[in-house]
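The values are calculated or read from the model by the stated rules, or taken from the named source; none is laboratory data. Because the structure is predicted, anything quoted here is derived from the model rather than measured. Every residue, glycine among them, receives a Cβ derived from its backbone with ideal geometry; neighbour counts consider all protein chains shown. Protein only, heavy atoms only, side chains kept; ligands, DNA and RNA dropped before computing areas. Shrake-Rupley method; radii C 1.70, N 1.55, O 1.52, S 1.80 Å.
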Amino acid sequence: RIHDPAEKAFVLLTDPKGHEGGTVQVLRHALFPKGIPKEIKNITKTADHWASAADRPQFPQDAKHRFAAWSQVRFAKSPELIHPLTGETADLGSMQDVDFKHVKAMSQDHFKKLIMKTKDGAVDWQKTSWAFWRFGSELEGEGLKQLWKLLPADTRVPDHTIWSHLDLTSAFAGAMAADQQQDPALLVMSFGPVQSFIAQARSTSDLWAGSHLLSRMTWEALKVICETCGPDSLLFPQLHGIPHVDAWLMEQGAWPESINKPTWLNQGTDSNPLFSAALPNRFVAIVPADQATGIAQEIKENVRAWVMAQGEDALQKLVKESGVSDAGYAKEQLQRHLEDFPDVHWLAVPWSLVTGEGANLNTDQLRDALAQFYPEGEDVGFLDSDAWKLLCKEIVVDGQRFYHPNKGVLYPALFDLLERANAAVKSLRTFKQQAEEGYRCSLCGEREWLTTDKNDLFAPPKKRKASPKKRKALLWKNLPLSWSRKDKEQLCGLCSLKRLWPTLCVEEVKQLTGKSNISRFVVSTHTMALASSLSNTNLKPMTKGLKDLLDDKKERVALPKKLVNKLKKDDLSQVAQLPALLDDVRDDEAKRKEVEREVEKWLGQKPEAYYGFIMLDGDKMGAWLAGNEDFTQLAYKDCWHSKIKNNVKNKAEKDSFLAKYLEEKRPVSPARHAAISSALNNFALHLTRYAVEE
């Protein structure tokens, strides 16, 4: 993590000591006073070369490893940043008034504060590594604070950050050091089902719970990766700033004293990002190839054990609230319903599928593996692309080596194999036969509803309350409305966990924040339907008849912020009770019609009874990740600094090989995937805040 300084863009070609003569030297002395072992140096060097090749093209060097003058860019003089997905260039003007010595001093001071110590004063390697990963990019104070996060790894190809390069180098180095053959592998894992699990819902709360539960479950998997290989080994998703990850760092004691604690610790409502479903149901990581199977198995066991523990907690809450003496048969049902949840699919692809070095790289094994997933006779993805035909050999410009291949450049082919093989594994849909005998769950209709007495399973719904003496052990009586609607729902083990997840989640948020009072509001379906009528009407005083109906209904529901701002304080309490009243009488036709008549009298018109969602599935996320469609692809020249682009263009007029390289489409890279993931993280976390405010 310290082979390159964070401020490399500022000091390169400017500092007489070179980019390794400042912060790198200071941190090496602080962390390795006796020097760095040769074996670690060699691994770091290889990891650095692979990471560089995976993310960007190389440039000409002479015999003394000095870059050709035409391929040099001084960042302070002509700073540019390039968007990794669109190729749009941001010209930052000039920064020649920024003193590189001042930047070096800031960087050194910042990283010294991130060094974590054990109780006896020694360097805590693991915690220091985590602190460098999480907070290296977050410089305190003004000035360079925002730019610091975006500083490029290479000023000539400024479409990915120094932080992305350090993460990838660390991931490669960690996997190489931990594997007996120094062989890293790409590991993909996914958890499901997704669409069907979320879609089985009766309320907006159910929809949120399904999505959030899957996200929270994914964190239990990612935690194994973080503790085994380090959080920087994750290529997708990126974990920077994810609240549960920050909570884990604090729990591990890896939060430096110099860094302010996250502001969400003081947020006591559901605008707290801990309530955001910010993690996808799959991840890709770099792991030691010989440990991939063990890591995947540990993740599978940990995730399922966590789900089972949450299910048992939910069942105990049902038992306590309903007043039954014991869970009885429901314990057996819960074990059966949750033992194979979630579905877990995983696959690992080792870099050892590629042999040889430099221009002698041998991709025969990788080609044979990929060919299994392509129609016979067709091109095999990246290995048959024009890009690889150029990149598989050395490129010489002006008598100097412009490009020299290494195994890192084959990331696109390995990622392609990973995705195709994993899709094939998921398509098998293996399952364990399961016997379900009695009446089914009210929500999913697939599994038996939980009951303390097995005989209750065979009683029709209307007969489950017929004989109090025999039915006094019913688990689904006298529960809060948010758990079971008027004793009319009886759920299976998995759906019970989803229904009670909001309650369990609030308890966890209380524990993580240290706050005893966390307010979570759910906008009900009736609120959604009524909102437009209430917002678009000049509200008159509520009729006496409607007020009388609300007298016995004390429960309030959440209202949209815009509607709350419109209502007078005296009206707010009663209006907030109205959707709950409508929900309460939905199964009593006579009472429902009475309430609807009174609402119509009050509004002067019939209220809206329906609402609609406009769903747009046009993100093309698969294409963005695969980089296999025209709108996702950039040419190599689109990723270069304008100075380099012009210089290479001039030289390409005399070199047809270089001209082809200039126009060739750039394949996917780890930095590209990191950029996509970071954008998704920001969207998920900000969307929750926006939805609550609106």
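Keeping every protein chain present and rolling a 1.4 Å probe, give me the accessible area per residue for the chain in Å². Don't jump to the answer; show the numbers that get you there.
Working: 33520 Å² over 694 residues.
Roughly 48 Å² per residue, with all protein chains present.
How much net charge surrounds H29 when only other residues with a Cβ under 13 Å from its Cβ are counted (Lys, Arg +1; Asp, Glu -1)?
Details: positive: R28, K34, K112; negative: E20.
My count for the surroundings of H29 gives +2.
Work out, step by step, the length gained on full extension between K119 and S196: first 0.36 nm times the residue separation, then minus their alpha carbon distance; give nm to one decimal.
Stretched out fully, the K119 to S196 stretch lengthens by 22.8 nm.
Give me the net charge of I295's neighbourhood, meaning all other residues with Cβ under 13 Å from the Cβ of I295; Lys, Arg count +1, Asp, Glu -1.
Around I295, the surrounding residues sum to -3.
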Exercise for the section: List the extent of the Cα atoms of the stretch 49-206 along each of their three principal axes, largest first, rounded to whole Å. Expected result: 62, 50, 42
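So if I average 1/r over every pair of distinct C-alpha atoms in the stretch 256-413 and take the inverse, what Kirkwood radius in Å does that give?
Working: mean 1/r = 0.0462 Å⁻¹.
About 21.7 Å, per the Kirkwood formula over Cα pairs.
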Completion exercise
With R₀ set to 41 angstrom, the calculated FRET efficiency between the beta-carbons of N536 and S482, to the nearest 0.05, is 0.90
Practice task
Would you mind pulling out the separation of the Cα centroids of the stretch 404-447 and the stretch 554-633, in Å?
Solution key: 35
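Given the pairs K300/K498; K320/K498; K320/K515; K34/K407; K562/K620, which are separated by over 22 angstrom at their Cα positions?
On the way: K300/K498 20 Å; K320/K498 18 Å; K320/K515 24 Å; K34/K407 32 Å; K562/K620 33 Å.
Pairs exceeding 22 Å: K320/K515; K34/K407; K562/K620.
Which peptide among 96-108, 356-368 comes first, and what is the full order, when sorted by highest mean count of other Cβ atoms within 10 Å?
Result, highest mean Cβ count within 10 Å first: 96-108, 356-368.
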Practice task
Using Cα positions and a limit of under 20 Å, work out the lysines in reach of K104, with same-chain residues fewer than 8 apart set aside.
Solution key: K8, K17, K77, K112, K113, K145, K149
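Please give the FRET efficiency for E594 paired with L207, using the beta carbon to beta carbon distance and R0 = 45 Å, rounded to the nearest 0.05. Write out the running numbers ahead of the final one.
Numbers: r = 30 Å, r/R0 = 0.67.
The value I calculate is 0.90.
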Exercise for the section: Can you pull the one-decimal nm distance between simple spin-label points at E339 and K562, each 7 Å off the Cα toward Cβ? Expected result: 5.1
Handout entry: Label-point gap, in nm, between N650 and T543 - each point 7 angstrom along Cα→Cβ
Key = 8.3
Practice task
Would you grab the residues whose amide H sits under 5 Å from the one on F236? Only those 5+ places off in sequence or on another chain, please, with H modelled 1.01 Å from N.
Solution key: V284
Completion exercise
Of every hundred units of 1.4 Å-probe accessible area on the stretch 275-324, the number belonging to carbon and sulfur atoms, as a percent, is 43
Problem - ³J(HN,Hα) computed for each position of the stretch 666-679 - Karplus, 6.51 cos²θ - 1.76 cosθ + 1.60, integer Hz, glycine/proline x - result: 7, x, 5, 8, x, 5, 4, 5, 5, 5, 4, 5, 4, 5
Practice task
Using a 10 Å cut-off on Cβ atoms, rank the peptides 632-645, 667-680 from the highest mean neighbour count down.
Solution key: 667-680, 632-645
Completion exercise
With -39,500 (n - 2.57) per DSSP H segment of 4 or more residues and division by the full residue count of the chain, the 222 nm estimate, nearest 500 deg cm²/dmol, is -14000 deg cm²/dmol
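From the C-alpha coordinates alone, can you work out the Kirkwood hydrodynamic radius of the chain, in Å? Intermediate results must be reported in sequence, preceding the final value.
Details: mean 1/r = 0.0347 Å⁻¹.
By the Kirkwood definition, the hydrodynamic radius is 28.8 Å.
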Handout entry: Carbon plus sulfur fraction of accessible area for the stretch 403-442, probe 1.4 Å, in percent
Key = 51
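Give, in nm to one decimal, the length gained when the segment between S573 and N682 is fully stretched (0.36 nm per residue of separation minus the Cα-Cα distance). Don't skip to the answer; put the middle values down first.
Details: separation 109, 0.36 × 109 = 39.24 nm, distance 3.46 nm.
Roughly 35.8 nm would be gained on extension.
Just flag the GluC sites (Glu not before Pro) in the stretch 231-323 sitting in loop per DSSP whose Cβ has no more than 12 other Cβ atoms within 10 Å.
Working: sites: E251, E257, E298, E301, E312, E321; in loops: E257.
Of the GluC sites (Glu not before Pro), the ones in loops of the stretch 231-323 whose Cβ has at most 12 other Cβ atoms within 10 Å are E257.
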